[in-house]
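Values in this text are rule-based calculations from the coordinates and carry no lab data. Model, not experiment: these values are computed from the prediction. We place every Cβ from the backbone using ideal geometry, glycine too, and count neighbours over all the protein chains shown.
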Amino acid sequence: MTLSNAGPLRILTLDDHAILLRGLNAILQQEPDFKLVGSYDNSRDLIAELKVKTADVLVMDYSLSPGDMDGLNLLKVLKQRFPGLTVLVVSALYNSATVALALRYGAKGFIGKNQPEAELIQAIRVAASGKIYIEPEMALQLTQLQYSGPLMEKRESHTSQQVQQVVSLAALSPKEQEVIRCFMAGMTVTEIAEKFSRSIKTISGQKQTAMRKLGLKADHELFMIRDTLQ
């Protein structure tokens, strides 16, 4: 859904951290052409409300509570059930692999939580206008993921090997992506199994398969990738 002259932009917010959610809402309510029509701390309540409530933009966190839906799966659900809703992701989990996956599965923009308020407002306006919002530095990193060769070599912060690892991460199966993202977020195999209602053996197998595809042999190597791409 895009901006129009029919009235204020109707916005929903989703974040599992109460203090951050209140801060986000306060920022949005300062804009005269924004109207906050709903605020949620879990995806279940959000989806239930979307069935009976009309909104233009959802501003959502990517990493919700351990008992909630995974950010990528939520994007898939929103895209399928509410295709007219524009989704902007605001997250501390801000790296090229995560951004690429979010955009692939329906997000119209992605901004890091460390950005100033003015940047957030701009991101909402851009996404609501029908365009994709990505910060310039992230846009360059995503371009480097898409193309190989000399363009990669111009970046000092990412070696060709690191970029290839990110590409491999984006190529994992959806379930393998879920497991790796949760593991990199600090969750144990047992916690991940409980979150997705799978057996510990299944989660362990998916983790090992994902690491093999990434060319990694030990857990610390996976965390090295995470740290270099934050």
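Give me Rg over Rh for the range 9-134, both radii from the alpha carbons and Rh done the Kirkwood way, two decimal places.
Working: Rg = 12.9 Å, Rh = 14.2 Å.
Ratio of gyration radius to Kirkwood radius: 0.91.
Tell me, Ser204, Ser173 in order of fewest to most beta-carbon neighbours within 10 Å?
Ranked by crowding around the Cβ, least crowded first: Ser173, Ser204.
Normalised by the residues of the range 2-116, what does the relative contact order come to in percent, with Cα pairs under 8 Å and at least six apart?
Result for the range 2-116 is 23 percent.
Take the cross-link list Lys175/Lys213; Lys53/Lys113; Lys79/Lys195; Lys51/Lys113; Lys35/Lys79 and give me the ones stretching past 24 Å between alpha-carbons. Could the numbers behind the result be given before it?
Values: Lys175/Lys213 14 Å; Lys53/Lys113 27 Å; Lys79/Lys195 22 Å; Lys51/Lys113 28 Å; Lys35/Lys79 22 Å.
As for pairs spanning more than 24 Å Cα to Cα, those are Lys53/Lys113; Lys51/Lys113.
Modelling each spin label as a point 7 Å along the Cα-to-Cβ direction, I'd like the Ala18/Thr188 distance in nm, to one decimal.
It is 2.7 nm.
Under a straight-distance cross-link criterion of Cα-Cα below 16 Å, which aspartates and glutamates are reachable from Lys201, leaving out those fewer than 8 residues away in the same chain?
Once the sequence-local aspartates and glutamates are set aside, what remains near Lys201 is Glu176, Glu178, Glu191.
In nm, to one decimal, how far is the modelled label at Ile47 from the one at Gln115, with both set 7 Å along Cα→Cβ?
The answer from the label model is 2.7 nm.
Mind checking which aspartates and glutamates have their C-alpha under 18 Å from Lys131, skipping anything on the same chain fewer than 8 residues away?
Within the straight-line cut-off, Lys131 pairs with Asp56, Glu119.
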